[in-house]
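What follows draws every value from the coordinates through simple rules; no lab data is involved. Note that the coordinates shown come from a computational prediction; the quantities given were computed from them, not determined experimentally. FYI the Cβ positions are ideal-geometry reconstructions off the backbone, even for glycines, and counts take in every protein chain you see.
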Amino acid sequence: MKKVPIIILFFIYSCSLFAQYYQQFSQYLLNGQAINPAYAGSREVLSTTLLYRDQWVGFAGAPRTMTFSAHTPLTSLSSAIGLQIFSDKIGVSKHNGIFINYAYRIRFKKNHRTLAFGMGAGVNTFRSDFSNVAINDLGDKAFEYQYLRSTRPNFSIGAYYYSKRFFAGASIPSLLRYGYDVFGTAPDSLRTSPQNSYYTVGYVFGINKDIQFSPSILLKTNYPQNRQIDLNLKLSIHDALGMALSIRFGDALVWIIDYQIIPNQLRIGYAHDFSTSMLNKYAHGTNEFMLRYEFAYKSNVVSTKLF
């Protein structure tokens, strides 16, 4: 099996760290709060989601991400609150975070539409352990410091508009970005220019009473000029079984399947990314697992939305 030296992974991570690295998900339709704080409360019940992503299987030191989110509407206050916790590991580095989200929601009676404005506040922690890196030049100053640690606050903002069949959103999951000096000769720097922004839009077409077709687009921009588009085409049968094909242009072809095990409560999902980039020479795709539980009982307003 072909291996890529861990120093390459470190280089990739360092570039990501400088640009305020943010997670990537294939099942973003079922994990909306991970990219937009204004998504909080949109399921209309207390909703919890656990997601695990094992990226680039077979690639030594490849990224692994776990995230947990919970959010609930506060109907009497025209608002919602949410919690987002995540943990990333790539090579010898770890990136963890916890965010509290708040969304103010404006409800429109016609077509049950909602416009939400959200913001989040939290803490990011970074840690790299270079003592596990095998190097040829013991005098290399890049590895003079065995540990790199940093804990920094951050904030997120977003807007989300949705009805039963349509949604559109815009968000910046990390408002602040930091520069780190691995040599320890200069203080950390703060750059307030936002570099990661997300834009989503989608619509649900009813083919018949049992089958629905929902195309959607996710546009990710990375300051100042990088862009990536996810095109998702999903079929839903009996509001229970979902099957989707997603194209992440320039990166991967993704197939997704999800199933509602307990009506209105328990849903599971799986996604597999087939890399279309040069990484397909070294890795065997990406696996992503999702578990969502919603506390929707007879007394609740049950959400039947597909997103």
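What the table below lists for this structure:
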read-out	value
Full-extension gain in nm, Phe289 to Lys94, via 0.36 nm per residue minus C-alpha separation	68.2 nm
Distance (nanometres) between label positions extended 7 Å along Cα→Cβ at Met243 and Ile211	1.0 nm
Local electrostatic count at Val92 - Lys and Arg +1, Asp and Glu -1, tallied over other residues with Cβ under 14 Å	+3
³J(HN,Hα) computed for each position of the stretch 252-269 - Karplus, 6.51 cos²θ - 1.76 cosθ + 1.60, integer Hz, glycine/proline x	7, 10, 10, 10, 9, 9, 9, 8, 8, 6, 10, x, 6, 10, 9, 10, 10, x
Other-chain or far-sequence residues with amide H under 5 Å of Gly41's (modelled H)	Thr72
Spacing of the two label points (7 Å from each Cα toward its C-beta) at Arg149 and Ile262, in nm	4.1 nm
